[in-house]
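J.: Sharing a structure with you now.
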Amino acid sequence: MNPVLEMKDVHFKYLIGKEKVFEGISFKIYKGEFVSITGRNGSGKTTLCNILRGFIPHLNQGTLSGDILLHGESIPDKSLGELADKIGYIFQNPFIQNSGIKETVYEEIAFGLENLGIPREEMIKTVDDTIKLLKIEDLREKHPAELSGGQRQRVAIASIIAMDPPILIIDEPTSQLDPKGTEEIFEIIKLLKEQKKTIILVEHKIDQVAEYASRIIMLEDKKILFDGTTNEILSKEEVMTYGTNLPQVAKLGIKYSKEVKKLEKIPTVLEEAVKIFKG
Ligand SMILES: Nc1ncnc2c1ncn2[C@@H]1O[C@H](COP(=O)(O)OP(=O)(O)OP(=O)(O)O)[C@@H](O)[C@H]1O
Ligand SMILES: [Mg+2]
């Protein structure tokens, strides 16, 4: 199987930066994978997302080398427009994502489709379906400017989902949301996972990462320090020394394994923990 996305020996330095952000990053991501990117603040998670979406080098300049490939074709050589319906990008701050020119949520969601030149009838159906799927019927006629942060984030996600991109890059979508808003966003992420989208998620809420991601790529000191299954990575105590927290159940499992009885496998989600401790 060929990878959907690939980086080969990527180096990058921002134009105004003193140091490189990346010194030789390589990985392959396959269709339907759900990869979470972790690493301490400033380790380059957002930069990595921006390179994959082509925002670097198109909007944000610097010195970029190595191969960055979408289905084997160079991403930096593609225009941002060409990439728009293939890679959806959901920003940390939904206020940036907002078009700022549409007067209702309905029109806001239709905006991206208009730009793709989708015929009107198909567009109406797609917007209706998306609103239903994300359960935001109550927001339909509201002005985007009067929405709360959580509502804006859901609308921002809706406008991306409406374009139905096979790949989604989601950068800390819940960092500005309360627990209820966070839960609502993860309900949507769950739907996307069920649709077998290829998902790249940056998220600090590690219990959610443990539950949804199938793989974790951890950045540290300009390189990839760990790349493995979620359970492999989130069961390692040393991960915490690199600015990534462990799920509560993993911490409990590690403590139990050291102090009570050695466990074959450290649990990273609750169901695993229940199975392990039931014996
Ligand atoms: N536009 C820019 N120009 C110059 N340097 C930048 C720019 N954006 C980010 N940086 C620097 O590049 C490094 C990586 O930043 P990046 O935002 O990718 O990290 P991050 O892992 O997403 O951090 P956070 O967890 O805070 O979101 C940091 O040292 C940051 O200061
Ligand atoms: Mg970031």
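The values are calculated or read from the model by the stated rules, or taken from the named source; none is laboratory data. A quick note: this is a predicted structure, and the numbers were derived from the prediction, not measured. As a convention, Cβ positions derive from the backbone with ideal geometry for all residues, glycine included, and neighbour counts pool all protein chains shown.
J.: Filter the range 18-43 for residues that are away from ligand 2 (no atom under 16 Å from the Cβ), of a type outside the set (Asp, Glu) and exposed (fewer than 14 other Cβ atoms within 10 Å of the Cβ) and give the result.
T.: Hit for the range 18-43 is LYS18, nothing else.
J.: Answer yes or no as to whether GLU183 is surrounded by fewer than 18 Cβ atoms within 10 Å (Cβ to Cβ) and part of a helix (DSSP H, G or I).
T.: So GLU183 fits the description; yes.
J.: Under 6 Å between Cβ atoms, which residue pairs at least 6 apart in sequence (or on different chains) link something in the range 9-23 that is over 11 Å from GLN61 (Cβ atoms) and outside the structural domain of THR63 (by TED's automatic domain parsing) with a partner that is among the aromatic types (Phe, Trp, Tyr) and surrounded by 15 or more Cβ atoms within 10 Å (Cβ to Cβ)?
T.: none
J.: Show the residue pairs that are 6+ apart or on different chains and have beta-carbon atoms under 9 Å apart, the first residue being within the range 42-54 and over 13 Å from ILE224 (Cα atoms), the second being assigned to a loop (DSSP other than H, G, I, E, B) and more than 10 Å from ligand 1 (Cβ to nearest atom).
T.: The qualifying pairs are ILE51/ILE75; ILE51/PRO76; LEU52/ILE75; ARG53/ILE75; GLY54/ILE75; GLY54/PRO76; GLY54/LYS78; GLY54/SER79.
J.: Looking at (1) buried (at least 17 other Cβ atoms within 10 Å of the Cβ); (2) more than 16 Å from ligand 1 (Cβ to nearest atom); (3) in a helix (DSSP H, G or I); (4) without any contact (Cβ under 8 Å) to a residue 12 or more places away in the chain, find the lone condition where ILE118 falls short.
T.: Of everything listed in (1) buried (at least 17 other Cβ atoms within 10 Å of the Cβ); (2) more than 16 Å from ligand 1 (Cβ to nearest atom); (3) in a helix (DSSP H, G or I); (4) without any contact (Cβ under 8 Å) to a residue 12 or more places away in the chain, ILE118 misses just condition (3).
J.: Follow-up question, since we're still on this one. Among the numbered conditions (1) crowded, with 18+ Cβ neighbours inside 10 Å; (2) within 25 Å of PRO165 (Cα to Cα), tell me where LYS190 comes up short.
T.: Status for LYS190: all satisfied but (1).
J.: Let me ask something additional. Looking at the range 155-167, I want the residues that are under 14 Å from ASN115 (Cα atoms) and have a partner that is among the hydroxyl-bearing types (Ser, Thr, Tyr) with Cβ atoms under 6 Å, at least 6 apart or on another chain. Which pairs are those?
T.: ALA162/THR126; ALA162/THR130
Results for (1) touching a residue at least 12 places away in the same chain (Cβ under 8 Å); (2) among the small types (Gly, Ala, Ser); (3) touching a strand residue (DSSP E or B) at 6+ places or on another chain (Cβ under 8 Å), shown as yes or no for each residue.
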position: LEU219; (1), (2), (3): yes, no, yes
position: ILE233; (1), (2), (3): yes, no, yes
position: LYS236; (1), (2), (3): no, no, yes
position: TYR242; (1), (2), (3): yes, no, yes
position: LEU246; (1), (2), (3): yes, no, no
position: LYS251; (1), (2), (3): no, no, no
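J.: Which condition breaks for GLU137 when tested against (1) surrounded by fewer than 18 Cβ atoms within 10 Å (Cβ to Cβ); (2) within 16 Å of ligand 1 (Cβ to nearest atom)?
T.: (2)
J.: Related question: Kindly indicate whether any position in the range 227-234 is closer than 30 Å to ASP9 by Cβ, modelled with pLDDT of 95 or more, away from ligand 2 (no atom under 16 Å from the Cβ) and hydrophobic (A, V, I, L, M, F, W, C).
T.: yes
J.: So which of ILE254, ILE224, ILE217 is over 24 Å from HIS71 (Cβ atoms) and not aromatic (Phe, Trp, Tyr)?
T.: Numbers: ILE224 fails: over 24 Å from HIS71 (Cβ atoms); ILE217 fails: over 24 Å from HIS71 (Cβ atoms).
Step by step, each of ILE254, ILE224, ILE217 is checked, and only ILE254 is over 24 Å from HIS71 (Cβ atoms) and not aromatic (Phe, Trp, Tyr).
J.: Please tell me if PRO57 is farther than 14 Å from VAL155 by Cα, more than 17 Å from the chain's Cα centre (by Cα) and surrounded by 15 or more Cβ atoms within 10 Å (Cβ to Cβ). It would help to see each step written out before you state the result.
T.: Working: farther than 14 Å from VAL155 by Cα: yes; more than 17 Å from the chain's Cα centre (by Cα): yes; surrounded by 15 or more Cβ atoms within 10 Å (Cβ to Cβ): yes.
In short, yes.
J.: Would you mention how many residues in the range 1-33 are in contact with a Gly (Cβ under 6 Å, 6 or more places away or on another chain), part of a loop (DSSP other than H, G, I, E, B) and under 16 Å from ARG53 (Cβ atoms)?
T.: Within the range 1-33, residues that are in contact with a Gly (Cβ under 6 Å, 6 or more places away or on another chain), part of a loop (DSSP other than H, G, I, E, B) and under 16 Å from ARG53 (Cβ atoms) number 1.
J.: Could you list, in sequence order, all residues of the range 60-92 that are within 16 Å of ligand 1 (Cβ to nearest atom) and either in a strand (DSSP E or B) or under 18 Å from VAL202 (Cβ atoms) (or both)?
T.: Listed by number, the residues that qualify are ASN60, GLY62, THR63, LEU64, ILE68, TYR89, ILE90, PHE91, GLN92.
J.: Another question, if that's okay. Name the one entry in ASN98, ASN93 that is surrounded by 13 or more Cβ atoms within 10 Å (Cβ to Cβ), in contact with a Pro (Cβ under 6 Å, 6 or more places away or on another chain) and polar (S, T, N, Q).
T.: ASN98
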